[in-house]
Amino acid sequence: MPLVTTTEMFKKAYEGGYAIGAFNVNNMEIIQGITEAAQELNAPLILQVSAGARKYANHTYLTKLVEAAVIETGLPIALHLDHGADFDICKSCIDGGFTSVMIDGSKYDFYDNIELTKKVVEYAHANGVVVEGELGKLAGIEDDVNVSAEDSAYTNPAEVEEFVTKTGVDSLAIAIGTSHGAYKFKPGQDPKIRIDILEEVEKRLPGFPIVLHGASSVPQEFVKLINQYGGNMPNAIGIPESELRKAAEKAVCKINIDSDLRLAMTASIRQHFTEHPDHFDPRQYLSPARDAIKAMVAHKIKDVLGCDGKA
């Protein structure tokens with residue numbers, strides 16, 4: 001089976017009341033952990049690559065690793081560019097074998113965002129690739145994306161119809177309370193998704209796939225584990241997974257997950273070196289790290305996304 005686009009995935013997800021996990025990948029072990037979990041649970045997958053991942057691991061290495069995952073698992077897998085900053089990076093990924101790209105024009109004003117997004121859509125569609133656009137600004141930090149809480153803004157539902165119609169995008173990322181990165185909300189805060197905004201968007205775009213970025217929920221057991229073995233991470237909480245599940249039962253067809261994977265991997269490696277300080281073979285500490293990612297992804301597929309058995 002070749003790499004697929006998200007078109008059929010999203011259609012089934014919308015009708016079935018579940019979401020597809022879009023997991024950020026940076027190396028072989030992360031890809032293996034994600035895809036092994038998905039294969040065991042027969043779940044469709046989106047593997048996504050940020051600009052930072054392309055700089056770190058190289059475009060060609062990452063695409064070939066994802067192609068290997070398709071061969072090994074037989075799953076429907078889409079390869080997606082996360083947070084494409086401009087036309088050139090989107091074009092490079094389209095030309096380089098990606099089946100889906102995101103153009104993030106949220107830093108521009110509404111009509112400049114439309115103009116940039118439309119340009120990417122026209123090139124992508126001519127090459128059989130689908131496009132995700134974004135309206136609204138999520139707070140937080142992820143690679144080159146850095147938005148302060150003061151500069152963040154919820155998506156305005158009154159703008160979504162015009163944006164989708166004029167750009168021709170295939171899915172839309174909206175800002176309804178999630179945030180990028182591990183340092184999210186502090187204890188005492190009550191983080192919630194603005195379901196009212198999601199429902200208004202759904203009314204204005206019936207049947208249209210919606211995307212949530214910044215949806216890692218930062219499990220506290222991993223923060224504690226990292227700190228137990230020499231880390232210095234502040235306690236933080238994310239959007240409750242029950243809130244994410246509600247969103248997946250509505251119009252949200254794609255939920256991005258990155259920080260949870262990093263925390264699981266880092267906690268495992270820290271624990272390994274504390275317990276085995278004499279180890280120097282990367283296979284000794286990356287094997288349990290891969291297993292930690294696999295366990296995390298399996299949990300997300302079953303308990304948050306609801307896409308197990310949907311491949």
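The values are calculated or read from the model by the stated rules, or taken from the named source; none is laboratory data. Note that the structure is predicted; figures quoted are calculated from it, not measured. Cβ: placed from backbone, ideal geometry, glycine included. Neighbour counts: every protein chain shown. Surface accessibility is based on the protein's heavy atoms, side chains included, excluding ligands, DNA and RNA. Shrake-Rupley method; radii C 1.70, N 1.55, O 1.52, S 1.80 Å.
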Inter-probe distance in nm under a simple model that places probes 7 Å from Cα toward Cβ, at GLU200 and GLU249: 2.3
Testing the spin-label approximation: label points 7 Å from Cα along Cα→Cβ at GLU15 and MET28. State their distance in nm. 4.0
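Across the range 8-91, how many lysine pairs, 8 or more apart or on two chains, come within less than 26 Å at their alpha-carbon atoms?
Values: LYS11/LYS91; LYS55/LYS64; LYS55/LYS91; LYS64/LYS91.
For the range 8-91, the number of qualifying lysine pairs is 4.
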Rounded to the nearest Å, the spacing of the alpha-carbon centers of the range 262-311 and the range 1-46 is 18
Which of ALA153, ALA19, ALA126 ends up with the largest GNM mean-square fluctuation for the chain, with Cα atoms connected below 10 Å? ALA126
Run the 1.4 Å probe and let me know the accessible area of GLU8, rounded to the nearest 10 Å². 100
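For ASP291, ASP104, ASP170, give me the order by solvent-accessible area with a 1.4 Å probe, most accessible first, ignoring ligands, DNA and RNA. Numbers along the way, then the final one.
Working: ASP291 90, ASP104 15, ASP170 50 Å².
The residues order as ASP291, ASP170, ASP104, largest area first.
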Chain lengthening between ALA295 and ASP109 when straightened (0.36 nm per residue, less Cα-Cα): 62.9 nm
